[in-house]
Amino acid sequence: LALTEYHINFKRRPHDPRQATNVGSTWMASVIYHLLINDMDIAQSWHSRSGGTFGMMSKFLEVRPTGQLLFIFNHHLKGQYVKTLSDNPWVEVVGFVPGKNKTGLLVINKSDIPQTLTAELLNTDLPVSNAFNANSKCYRIGPKGYSIEDHWLSKTPKIEMLPYEVQLIVTE
């Protein structure tokens, strides 16, 4: 199943400026989440460069949050996806196994307020971590921009999310 040229405006009016911010990248992450859980094989975004509202880069070739998001997803969001549930309608989450002895978690806060997620990771072996060595990386795109942080992932992680933020956590 394929979806072509799927960039949709929030209010169906041209040049919604939110598309070029973390709000737009959160929207894109939610679209990709729904494509994943519905077994979409191929998706083609509209206007990867410039394109006014929809571009992943500005006309000056500055990478926008959506471009950063797709870069992260192309490098890390792969493998076997596992059934994942969220009891918060504003938080979408999907777990994945990118390779042997590796675990990944995509978390999307679609709301304009901070959210806290307490997860329970079942049937997974996590790498050992201690106070000096993290066992994973957390890629974040949100109101504070793009960052990569060392992360200490446990079987019952408490994940703090800023408004309109995407986190991709992958064990090393």
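The values are calculated or read from the model by the stated rules, or taken from the named source; none is laboratory data. Quantities reported herein were computed from a predicted structural model and do not represent experimental measurements. Positions of Cβ are backbone-derived with ideal geometry, glycine not excepted, and every protein chain shown enters the neighbour counts.
For this structure, a couple of remarks:
- Only one of ASN88, ASN9 that is on the phi < 0 side of the Ramachandran plot, modelled with pLDDT of 90 or more and not in a helix (DSSP H, G or I): ASN88
- Out of SER154, SER147, sole residue that is surrounded by fewer than 16 Cβ atoms within 10 Å (Cβ to Cβ), closer than 26 Å to ARG18 by Cβ and not aromatic (Phe, Trp, Tyr): SER147
- Some residue of segment 108-127 being at pLDDT 90 or above and under 13 Å from LEU77 (Cβ atoms): yes
- The condition of being part of a strand (DSSP E or B), buried (at least 18 other Cβ atoms within 10 Å of the Cβ) and without any contact (Cβ under 8 Å) to a residue 40 or more places away in the chain holds for only one of GLY67, GLY95, that being GLY95.
- Whichever residue in segment 34-65 is more than 16 Å from PRO17 (Cβ to Cβ) and among the aliphatic types (A, V, I, L, M) and, among such residues, is modelled with the lowest pLDDT: ALA43
- The listed residue being free of Cβ contacts under 8 Å to residues at least 12 places away in the same chain and of a type outside the set (Phe, Trp, Tyr), out of ASN74, ASN101, ASN88: ASN74
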